[in-house]
Amino acid sequence: MKPMNLVVVTAGLGKPSTTRLLADRLAEGAVRSLAGERTVETQVVELRDLAVDIANNLVTGFPGARLRDALEAVRRADGLIAVTPIFTASYSGLFKSFFDVIDNSALDGKPVLVAATGGTARHSLALEHALRPLFAYLRAIVVPTAVYAASEDWGTAGDAATGDLATRIARASGELAGLMSHRPAAAGRSDTVVPFEQQLAALRP
Amino acid sequence: MQFGIFTVGDVTMDPVTGRMPSEHERIKAMVAIALKAEEVGLDVFATGEHHNPPFVPSSPTTMLGHIAARTERLILSTATTLITTGDPVKIAEDFAMLQHLADGRVDLMLGRGNTGPVYPWFGKDIRQGIPLAIENYALLHRLWREDVVDWEGRFRTPLQSFTATPRPLDGVPPFVWHGSIRSPEIAEQAAYYGDGFFANNIFWPKEHFIQLVGLYRERFAHYGHGTPEQAVVGLGGQVFMRARSQDAVREFRPYFDNAPVYGHGPSLEEFTEQTPLTVGSPQEVIDKTLTFRDSFGDYQRQLFLMDHAGLPLKTVLEQLDILGAEVVPVLRREFAAGRPAAVPDGPTHEALLAAAARPVPASS
């Protein structure tokens, strides 16, 4: 059986990056959950490395070779983990710009786990108010648990309602794995054209 | 194979001198560029159609009629004529008139236009872009081929016993290209009618256009107009040349960096690597253009964008001298070498007239 493709898109800017750290934890969790049934190939897309390519795509309307490869990897993925730092009450501009240049059908029906990092837990609903609608627009299937990691989460136990960070990571990555294993293989690009007679007939008064 | 130039008709500040030409200067410059194209031995001049500043060519057949009176051989064309916002009745009449005035040296490239606000200025809805392109052309196609047309459609008032005048010269409609940057529907439309397909490939990587041209060729054969290799393909290109490559790069870089379309984005080096733009010696332009055949197969028309990014007229005319003297003669020779006999030449009125006169085998 072919291995599944898990693609991780991370918009962290630091090196090392807390956002990347969270992304890696989520990816490990998903791979572990799928381990019994499928092998998983994980590819990480660091948007920091593509920042200029993304800006160039906005200006020229087409992706350069490196960005094209990253967009294609996301399009073909069986599952996607998308992680951004929260800037000014929402996803970072770099994160949004990447999903602005992706083909708007590339995520159709794709299981997506959204996660974010931030300095304070007070921004955690940005996941629900910004990321979830973004991926709903792209017709992705967003798993129920979105993972927010504030600075304090890395060193403290969670509250009674949601559990600590490790618990949330395990729950979210398990949900992603569940959707991935029940999903038919990612479809190839379909460029079928509607025959011209059909296009003409649709216009007859 | 035909070689020519196409112009957008933008009024753009020269970023080196800071000088902004007037609309009058730009319009006269476009005419001077067309006359130069004939002088240096090119085959085609094509103008854009735009209805918003900073562009000047809102009335292409007026300009082309003027150029027709001042040239002898040049084919006058468009890039593109807006089939969505233009009334097909008026397009049929304007281009038939131009055809008579220019003794047949006329064809046109249809496009949808991508500027949203233009549609309502002409009473149209951009959401209907593709259906407008399909219905309007279906009518235009009939108006040039049937003397009396009864017609009813979705986007304009019906026609009863209507005759578009004048009738096309010698009863042969102008050749039509369908221009597209991204729509497979337009490639399909061009294939259905057996018309030409112009892939305006100048701003994007070739992979995308290889798919689009491949689809057009395959569907052209599907509809019985010939083999895929006989489909009529046009391609764009944009170049800036000096005898020495480094001089071309040095002189063009400020124009590139501030160009309206791609400026302030990728570097000149990145953009030339990814798109047809060539900045260098005439030999580099020859080499790059010849690779188009490897990607797209033998084709019929190559149009270069030369008056781009605010280049002054004097420089554009120098560029045309180099194009006509050093580049196109070599390209003609190289593209002719190894070209299969079954691949048609670029379309002309004379060739279409001869094809129309050829007896069609009786079917019963």
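Every Cα-Cα pair of the stretch A:25-136 was included, and the share exceeding 26 Å stands at 21 percent. In square nanometres and to one decimal, what's the mean projected area of the convex hull around the Cα atoms of the stretch B:214-261? Mean shadow area of the hull around the Cα atoms is 5.5 nm².
Exceedance of the 24 Å cut-off in Cα-Cα distance is limited, within the set B:Lys28/B:Lys124; A:Lys15/A:Lys96; B:Lys90/B:Lys206; B:Lys36/B:Lys90; A:Lys2/A:Lys96, to B:Lys28/B:Lys124; B:Lys90/B:Lys206; B:Lys36/B:Lys90; A:Lys2/A:Lys96.
Legend: calculated FRET efficiency, B:Thr291 to A:His182, from the Cβ-Cβ distance at R0 = 45 Å, rounded to 0.05, equals 0.45. If R0 is 25 Å, the Cβ-Cβ spacing of A:Lys2 and B:His208 corresponds to a FRET efficiency of close to 0.35. Out of every Cα-Cα pair that the stretch B:41-193 contains, those further apart than 29 angstrom amount to 14 percent. Footprinting exposure proxy ranking of B:Trp204, B:Trp177, B:Trp121, B:Trp144, fewest other C-beta atoms within 10 angstrom first, gives B:Trp121, B:Trp204, B:Trp144, B:Trp177. Taking the square roots of five times each eigenvalue of the Cα gyration tensor of chain B, the equivalent ellipsoid has semi-axes of 32, 24, 20 Å, listed largest first.
Can you pull the mean other chain C-beta count within 10 Å for peptide A:197-203? Show your work: numbers first, answer last.
Details: counts 2, 1, 10, 6, 0, 4, 10.
Partner Cβ neighbours, averaged per residue: 5.
So if I average 1/r over every pair of distinct C-alpha atoms in the stretch A:4-201 and take the inverse, what Kirkwood radius in Å does that give? Final number for the Kirkwood radius of the stretch A:4-201 is 17.4 Å.
I'd like to compare A:25-37, A:120-132: which one has the highest average count of other Cβ atoms within 10 Å, and what's the full order after that? Display every interim value, and only then the final one.
Values: A:25-37: 18.5, A:120-132: 16.4.
Ranked from most to least packed, the peptides come out as A:25-37, A:120-132.
If you count, for every residue in A:56-65, the Cβ atoms of partner chains within 10 Å of its Cβ, what is the mean? Partner-chain Cβ atoms within 10 Å, mean over residues of A:56-65: 6.
Per the Cauchy relation, a quarter of the hull surface: what is the mean projected area of the convex hull of the alpha carbons in the stretch B:147-278, in nm²?
On the way: hull surface 49.8 nm².
Answer in nm², one decimal: 12.4.
Hey, can you rank B:13-21, A:87-95, B:94-102 by average C-beta count inside 10 Å, highest first? Before the final figure, lay out each step's value.
Values: B:13-21: 13.6, A:87-95: 17.7, B:94-102: 20.9.
Most protected by this proxy first, the peptides run B:94-102, A:87-95, B:13-21.
Its alpha carbons considered, the protein assembly as shown gives a radius of gyration followed by a Dmax of 27.7, 89 Å. Distance from the C-alpha centroid of the stretch B:240-311 to that of the stretch B:130-181: 37 Å, rounded to the whole angstrom.
Between B:Arg333 and A:Ile141, the simple spin-label model (points 7 angstrom out along Cα→Cβ) gives 6.4 nm.
Taking every residue in B:184-192, how many Cβ atoms of other protein chains lie within 10 Å of its Cβ, on average?
Values: counts 4, 4, 0, 1, 6, 4, 1, 2, 5.
Shielding by partners across B:184-192 averages 3.
Return the ratio Rg/(2.2 N^0.38 Å) for the stretch B:117-157, where Rg is computed over Cα atoms only.
Details: Rg = 11.6 Å, N = 41, 2.2 N^0.38 = 9.0 Å.
For the stretch B:117-157, the normalised Cα radius of gyration comes out at 1.29.
Kirkwood hydrodynamic radius (Cα pairs, Å) of the stretch B:1-61? Please list the in-between numbers first.
Values: mean 1/r = 0.0805 Å⁻¹.
The answer is 12.4 Å.
Values quoted throughout were computed directly from the atomic coordinates according to the rules given, and no laboratory measurement underlies them. It should be emphasised that the depicted structure is a prediction, and the values quoted were computed from it without experimental measurement. FYI the Cβ positions are ideal-geometry reconstructions off the backbone, even for glycines, and counts take in every protein chain you see.
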